[in-house]
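Below: one structure, written as structure tokens.
The values are calculated or read from the model by the stated rules, or taken from the named source; none is laboratory data. Computed from a predicted structure; not experimentally measured. In this analysis, Cβ positions are derived from the backbone assuming ideal geometry, glycine residues included, and neighbour counts consider all displayed protein chains.
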Amino acid sequence: MTARTPTDDVRIVLVYSSLLGIYGDRGNAMVLARRLHWRGERARLIAVEPGRVLPDDADLYLLGGGEDAAQVSAANAMRLDGAINRAVDRGAVVLAVCAGYQIAGHRFTDGNGVDHAGLGLLDVVTERSAHRAVGEIASYSDILSGDDGWLTGFENHGGLTRLGASARALGRVHAGIGNGDGTDGAVTGRVLGTYAHGPVLARNPALADHLLELVLGRPLAPVACAEVGQLRAERLAKAGVTEGLRLSA
Amino acid sequence: MPEASLGKERTPLGVRRGSYDDLVQPMATSTPTDVLASEPSAASGRTRFTLAKAAGSLAAQVSRLTGRGSGVSIRGQVILKLDPNALGKSLAGRRVAVVSGTNGKTTTTHLLHAAVLAALDPAASDRVVSNDDGANLAQGLTSTLAMSPDADTALLETDERVVGEVVRLGRPDVVVLLNCSRDQLDRNHEIAALSAGWREAFVAAGVGGPTVVANADDPLVVWAASAARRVLWISTDSRRSLDAGLCPRCGAPLPPADDGVWACSSCGLSQPEPDYVVAAGEIRHGDRRYRPSLRLPGEFNVGNAAFALAAAHVLGVDPDTAIEAMESVQAPAGRFATVRIGDTPATLMLAKNPAGWAETLPLAGTDPVVLAIDSAAADGRDVSWLWDVDYEQLHGRTVIATGPRATDLAVRLTYADVDHVVVPDLESAVSDIGRPVDVVATYTPFQQLRKMSAR
């Protein structure tokens with residue numbers, strides 16, 4: 001764990017938005033900061049663009065989605081920089097989404113069939129799928145409990161991701177494609193990846209709080225937001241996750 | 001007003017068309033195994049095209065009579081089904097101008113249309129055809145052109161994905177490229193690929209290719225347009241964010257430009273010296289300065305006018321004539337029209353993607369303000385983009401969130417700390433207000449509101 005004291009701001013790094021921020025990915029940073037704020041906690045958002053040095057002493061790193069060439073460029077820059085790997089070694093938390101999820105693995109194949117090295121933070125490898133996965137995705141994650149375990153999002157990717165022995169899936173897919181084997185995403189230690197892209201934390205506040213609790217090392221008081229509950233009900237229903245199914249989870 | 005030199009270079013009056021089959025190149029959609037698509041002779045090709053057009057008109061009529069729609073799209077679908085080469089045949093022999101990009105196509109096409117019409121004798125207005133309704137895919141273009149067989153000038157709003165095909169088949173005189181920004185990524189997965197496709201079309205067109213009127217501020221447009229035979233560069237004072245994270249030529253990271261002028265430090269691709277500059281409501285071109293009094297709000301519409309002005313100039317329209325004509329354009333395809341929904345006078349604004357919202361949202365000044373969100377195919381099925389829009393600027397006002405994705409917007413506004421009310425039904429969200437209100441809507445609710453107001 002990094003040397004943070006309870007009074008410190010939670011330092012959240014938005015990594016390379018111009019490359020990995022194709023569709024509302026900054027929303028995850030906004031959700032995390034606001035949810036801390038609602039509990040009287042302080043957040044500091046640090047947006048780092050390529051060409052700038054990434055801090056290695058932050059608490060939480062956010063990797064978003066991007067186009068093929070941008071993904072390769074971002075992966076190379078992050079590997080060269082090394083800060084995120086050092087931070088994870090010290091106990092930092094990472095949320096890696098879509099292209100960012102692929103980058104967090106050992107390697108990924110681009111649209112031209114060329115292999116690229118990833119960061120190796122997650123024990124996964126990604127190959128190219130013959131079909132692009134585009135649409136709503138719903139999965140159930142055991143790292144959360146009860147109804148909160150239902151994760152809802154939108155996926156738009158061409159990857160097939162295989163999990164190694166030191167990774168476990170983030171969730172079991174109920175609707176959509178995810179990794180391509182009936183699971184979505186991966187967890188290795190304090191690094192989480194998912195194909196539910198863009199502002200995934202807006203639809204899944206329990207996942208947002210889970211990340212913050214990993215950082216803080218203590219549970220957060222619940223906050224009620226009726227509209228988020230309504231949104232979850234609408235999107236899960238759209239993906240065929242009915243109320244009965246949700247209650248039985 | 002003297003008639004401008006429309007048609008002077010290539011298609012003198014009265015010496016056009018009738019020989020289109022000789023000019024047409026086969027389309028990629030035709031395959032040797034497709035009996036319908038193979039054309040043994042020019043005569044049978046003409047017959048097929050004529051029959052296809054007749055069938056298309058019938059389909060359009062049925063669609064209108066049964067109240068299903070305007071028939072524009074179905075006509076084009078039927079024509080292209082019966083004659084896969086119909087788009088090329090419809091374009092042949094005409095002077096063509098293409099307007100494309102992710103934001104501002106419809107408005108710019110309307111401005112250009114007004115400018116070109118002003119240069120003609122009013123009695124000759126049927127010489128010009130334009131898809132003013134915004135049907136901008138292959139079927140919409142084919143349908144529009146089939147309706148006006150005698151027009152020798154076609155001003156075509158063209159979907160980003162169809163530009164290459166129209167450049168190849170229609171050999172346009174001028175192509176306007178407004179911008180290349182994130183839009184409906186569930187369909188267009190890579191904006192970099194769009195830009196690369198445009199570039200390929202200009203390379204293939206070679207010395208016979210179009211003059212391109214292109215946005216110098218947008219790296220993806222610059223890379224595409226710089227392959228064209230001739231380019232007129234436009235620099236606008238717009239608030240559009242640039243979506244090129246990487247240099248489109250060499251792939252090096254392209255950091256956001258601090259002073260508004262971008263350059264790749266790796267390969268040197270940089271913002272070209274503009275031919276037209278838009279700043280503070282003024283268009284500068286050489287020693288000339290124009291300050292159009294448009295009926296359309298927003299600095300970005302002065303930018304659109306600059307693109308139309310340059311394109312009109314390529315087509316031979318005198319600039320003063322063009323400016324005066326553009327000043328008369330009002331509510332292009334319903335944009336910024338004030339309509340009555342129930343007892344509410346509502347000003348309708350369209351915003352389809354983050355760049356469009358960045359331009360339009362500052363113009364919506366009422367309190368409350370209505371925001372209507374849908375995720376039908378035409379809107380893009382993924383509403384993740386809501387998190388790329390700066391709704392925080394609405395602090396202190398109340399938003400009425402409506403449309404099928406109103407809840408997604410409500411959550412976004414909650415996190416933005418903006419007061420809001422959700423009224424799922426679009427019509428009552430507007431009609432219940434009872435006093436003038438600004439409405440910003442994605443494509444589907446925008447069209448639904450236009451229809452409601454026409455009832």
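Computed quantities for the displayed model
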quantity: Search result, residues across the range B:363-388 that are under 11 Å from B:T442 (Cβ atoms) and either of a type in the set (S, T, N, Q) or crowded, with 19+ Cβ neighbours inside 10 Å (or both); calculated: B:L371, B:A372, B:I373, B:D374, B:S375, B:D379, B:G380, B:V383, B:W385, B:L386
quantity: Filter result for the condition that a residue is more than 23 Å from the chain's Cα centre (by Cα) and more than 29 Å from A:V134 (Cα to Cα), over B:D425, B:D408, B:D419; calculated: B:D419
quantity: Long-range neighbours under 8 Å by Cβ, at least six apart or interchain, first residue more than 10 Å from B:V411 (Cα to Cα) within the range A:218-233, second of a type in the set (A, V, I, L, M, F, W, C) and buried (at least 16 other Cβ atoms within 10 Å of the Cβ); calculated: A:L220/A:L212; A:R232/A:W150
quantity: Condition check for B:E157: crowded, with 21+ Cβ neighbours inside 10 Å, modelled with pLDDT of 95 or more and not small (G, A, S); calculated: yes
quantity: Check on B:A337, among the aliphatic types (A, V, I, L, M), buried (at least 18 other Cβ atoms within 10 Å of the Cβ) and within 22 Å of the chain's Cα centre (by Cα); calculated: no
quantity: Subset of the range B:288-308 (residues that are in a helix (DSSP H, G or I) and either touching a Leu at 6+ places or on another chain (Cβ under 8 Å) or modelled with pLDDT under 95 (or both)); calculated: B:E299, B:F300, B:N301, B:V302, B:N304, B:A305, B:F307, B:A308
quantity: Condition met for A:L95 (buried (at least 20 other Cβ atoms within 10 Å of the Cβ) and under 16 Å from A:V200 (Cβ atoms)); calculated: yes
quantity: Check on B:R405, within 11 Å of chain A (Cβ to nearest Cβ) and basic (K, R); calculated: yes
quantity: Only one of A:L36, A:L32 that is surrounded by fewer than 23 Cβ atoms within 10 Å (Cβ to Cβ), assigned to a helix (DSSP H, G or I), at pLDDT 95 or above and of a type in the set (A, V, I, L, M); calculated: A:L36
quantity: Residue within the range B:382-401 that is in contact with a Gly (Cβ under 6 Å, 6 or more places away or on another chain) and more than 14 Å from chain A (Cβ to nearest Cβ) present; calculated: no
quantity: Candidates A:R86, A:R44, A:R79 - the one that is touching a residue at least 40 places away in the same chain (Cβ under 8 Å), more than 14 Å from chain B (Cβ to nearest Cβ) and basic (K, R); calculated: A:R79
quantity: Wholly within the range A:115-219, strands (runs of 3 or more DSSP E) carrying at least 2 residues that are surrounded by fewer than 24 Cβ atoms within 10 Å (Cβ to Cβ) and away from chain B (no Cβ under 14 Å); calculated: A:115-117, A:124-140, A:150-163, A:171-175, A:186-188
quantity: Residue within the range A:238-246 that is surrounded by fewer than 20 Cβ atoms within 10 Å (Cβ to Cβ), within 11 Å of chain B (Cβ to nearest Cβ) and over 25 Å from A:T126 (Cβ atoms) present; calculated: yes
quantity: Check on B:V423, crowded, with 24+ Cβ neighbours inside 10 Å and more than 12 Å from every other protein chain (Cβ to nearest Cβ); calculated: no
quantity: Close pairs (6 angstrom Cβ cut-off, 6 or more residues apart or separate chains): on the phi < 0 side of the Ramachandran plot in the range B:49-62, at pLDDT below 85 anywhere; calculated: B:A60/B:G71
quantity: Scan of the range A:51-69 for residues that are within 14 Å of chain B (Cβ to nearest Cβ), part of a loop (DSSP other than H, G, I, E, B) and surrounded by fewer than 20 Cβ atoms within 10 Å (Cβ to Cβ), ordered by number; calculated: A:G51, A:R52, A:V53
